[in-house]
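J.: One structure, as structure tokens, below. Some questions next.
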Amino acid sequence: MKFIKHTYILLFILVTSMASAQVKFDAKVSKQKLGVNERLRIDFEMNQDGDNFNPPDFANFTVVGGPNQSVKRVYANGVGSFSKTYSYFLAPKGRGNFTIGQATINIGGETFKTVPIAVEVTAAVDIPKDPNNPEYIASENIHLVAEISKTSPYLNEAITVVYKLYVSPTIAVDNWNEIDSPRYNDFWSQNINTQGQKVQNGTYKGEDYRFLVLKKVVLYPQKTGKLDIEPLSLDISLRVPTNRRDIFGSLLMTRTNKVVSAGNSTITVKALPEEGKPLDFSGAVGNFSFEVVPSKTSLDASESLQLKVAVSGNGNLKLFKLPKVSLPSSLEVYEPEYKEEVNTTLSGMQGTISDSYTIVPQYKGKYPIPSISFSYFDLKTESYKRLTSNEIVLDVLGGPVNSVNANNAAMASNGKQAVILNKDQFAFIKTSTNFVSVSSSKFFKTTGFWSLLLLPFLAIPLAIMIRNKKATRDADVYGNKIRKADKLARKYLSHAKKSLGKKEAFYIALEKALHNYLKGKLHIETSDLSKDKINELLAVKQVDNEVIVDFNKILESCELARYTPIDIVTMQEDYDKAAKTISLIDKQAR
């Protein structure tokens, strides 16, 4: 009996080990040592299909491609085999020795993990000049260039950066994805619309190329010294020719990916000269005209007029303040209305900025408005210039006369403003009264008295009802979970709608909304959010299979969309589908 017992135990251990050995989940890299300018491919392979695949955190790498999923089924002599692979393409962020962590997947209700892999990233290496290597062909035939209009501008002088993608006629570009956008620190920046740009023919380093203008930016440096313009980086999917031909003699093409960068650029910003700088200089740089124009110069008292102070021209119009107007105190002046009519082109900001003052005279007479000046730095002559307006005299023809007005002109000519005395400064003090006697009334035992007396007693039952209802609601654990999940779902769907156009933020918010909805609706925790568990619980709730399939498709879209190019139309379709699916589950769930 003891022998049979040990035999059963041995057979059980053997069968268990054989069953566990049947599942394989491995990670493989294309190379364990690479240059910082090379890319790494990592494949996560399994021999049985699973759910909830979670890749490791590629902290020291940038994901430039993937996840690409492939499934392979082979039948030989009546025996079938299965393999499924998730592939990623990684670009190292810097040199060093790094470890790619564990990936996990759920197969047959068990969680399997890969073994961590050590990778060494060295300094940049020479790409082998193999004419049959797609990466080498791509590197020789596609270039991203940043053309800078001026490398030594003055402070607040406009420069332009134009990004051009040059492509050899021998290769074809399918699409591209911007993986690193430059942050223009220490610059005021404005993007120029490049939609509708067409492919043009040109030359690059003496050879014929096609090129497309991808981006145009106008920059105004806000600091002096050496400033960096960060590079623009793109991940491009393209097709390159091979040395093989089809049956018709045409070259066969192969697909590959290439990360290209415009390179880091440095400009030297010069300070504006101190010699000859006016005291009232406010930072205007460019070529400007200046005017102070009243809407009218003759009017009656209590009428209004508009005084417009405007600067027009080409320069940093949005980056300085207009000079202020000094007016006699006898004129009522309101805060100016600021207006911008400015367009930004490759030559910088062009247009007009203005302050419009509303002025209302109170008395008859003549009121001089002193001239004001505006100074700026002229880039053509590299010197400061001052523009001065003419003196304006307002002639108030009709209205009350103030005895002080006779002295206004003389005092204004001395640069002083007259003090206006108002004859009605004590008009708010009443010198006579019209008191009316009020008959006394009794409040005791009136309707209002009894109402106020009985109101607290009537409020007690209402307070008890509200308190009991709140206690019942607080005790409803599942109900509170559902309400909380619905609230979070609405919140995240709202966040997703606000993030339309921003791919990564949109799909993260959408995925959170779906997960929180399920947690409340199905009474499950985050750890139970597996595909099979969700399908099983929704089926138990009598939700149509078609709705369950749609829900799973949305979750898959959220997982895959972060790594693939998506336009705003597709995002809007996914948002509408998510809202519709949640509504259908609410209606059908029992």
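J.: Tell me, which residue of region 249-268 that is surrounded by 11 or more Cβ atoms within 10 Å (Cβ to Cβ) and polar (S, T, N, Q) is farthest from the chain's Cα centre (by Cα)?
T.: Step by step, filter region 249-268, then rank; the result is Thr254.
J.: If we scan region 82-92, do we find a residue that is outside any strand (DSSP E or B) and closer than 29 Å to Tyr209 by Cβ?
T.: Scanning region 82-92, I find no residue that is outside any strand (DSSP E or B) and closer than 29 Å to Tyr209 by Cβ, so the answer is no.
J.: If the requirement is being of a type in the set (Val, Ile, Thr) and not in a strand (DSSP E or B), which of these qualifies: Val292, Val269, Val325, Val311?
T.: Val325
J.: Restricted to region 297-326, and to residues that are under 30 Å from Ser347 (Cβ atoms) and of a type in the set (S, T, N, Q), which residue is nearest to the chain's Cα centre (by Cα)?
T.: The residue in question is Asn316.
J.: Oh, and also: Being of a type outside the set (Gly, Ala, Ser), in a strand (DSSP E or B) and over 24 Å from Thr388 (Cα atoms) is the filter here, so list the residues in region 357-376 that pass it.
T.: Val360, Pro361
J.: So, Glu335, is that one assigned to a loop (DSSP other than H, G, I, E, B) and of a type in the set (Asp, Glu) or not?
T.: Against the criterion (assigned to a loop (DSSP other than H, G, I, E, B) and of a type in the set (Asp, Glu)), Glu335 qualifies.
J.: How about region 155-233: which strands (runs of 3 or more DSSP E) wholly inside it have at least 2 residues that are modelled with pLDDT of 90 or more, under 22 Å from Thr344 (Cβ atoms) and among the aromatic types (Phe, Trp, Tyr)?
T.: The strands (runs of 3 or more DSSP E) meeting that bar are 187-192.
J.: A further question follows. Quick one: what pairs do we get from region 385-406, first residue farther than 19 Å from Ile369 by Cα and surrounded by 15 or more Cβ atoms within 10 Å (Cβ to Cβ), second modelled with pLDDT under 90 and hydroxyl-bearing (Ser, Thr, Tyr), C-beta under 8 Å, 6+ apart or different chains?
T.: Correct list of pairs: Gly399/Ser302; Gly399/Tyr363.
J.: Return only the number of the condition from (1) outside any loop (DSSP other than H, G, I, E, B); (2) outside the structural domain of Asp395 (by TED's automatic domain parsing) that Ser282 does not satisfy.
T.: (1)
J.: Right, another one. Going by what's in this entry, would Ser354 be described as in contact (Cβ under 8 Å) with a residue 40 or more places away in the chain, part of a loop (DSSP other than H, G, I, E, B) and outside the structural domain of Thr194 (by TED's automatic domain parsing)?
T.: Here the answer is no, as Ser354 does not meet what is asked.
J.: Count, please, the residues in region 424-477 that happen to be closer than 30 Å to Gln362 by Cβ and modelled with pLDDT of 65 or more.
T.: Number of matching residues: 0.
For every residue, the table says whether it meets (1) outside the structural domain of Glu556 (by TED's automatic domain parsing); (2) in contact with a Ser or Thr (Cβ under 9 Å, 6 or more places away or on another chain); (3) within 18 Å of Asn37 (Cβ to Cβ); (4) surrounded by fewer than 17 Cβ atoms within 10 Å (Cβ to Cβ).
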{"site": "Gln69", "(1), (2), (3), (4)": "yes, yes, no, yes"}
{"site": "Phe98", "(1), (2), (3), (4)": "yes, no, yes, no"}
{"site": "Ser152", "(1), (2), (3), (4)": "yes, yes, no, yes"}
{"site": "Leu165", "(1), (2), (3), (4)": "yes, no, no, no"}
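J.: Same structure, new question: Residues that are modelled with pLDDT of 90 or more, loosely packed, with under 14 Cβ neighbours inside 10 Å and among the aliphatic types (A, V, I, L, M): does region 116-136 have at least one?
T.: yes
The values are calculated or read from the model by the stated rules, or taken from the named source; none is laboratory data. Bear in mind that the values here come from a model prediction, so they are computed numbers and not experimental data. Methodologically, a virtual Cβ is constructed for each residue, glycine included, from the backbone with ideal geometry; neighbour enumeration extends over all protein chains shown.
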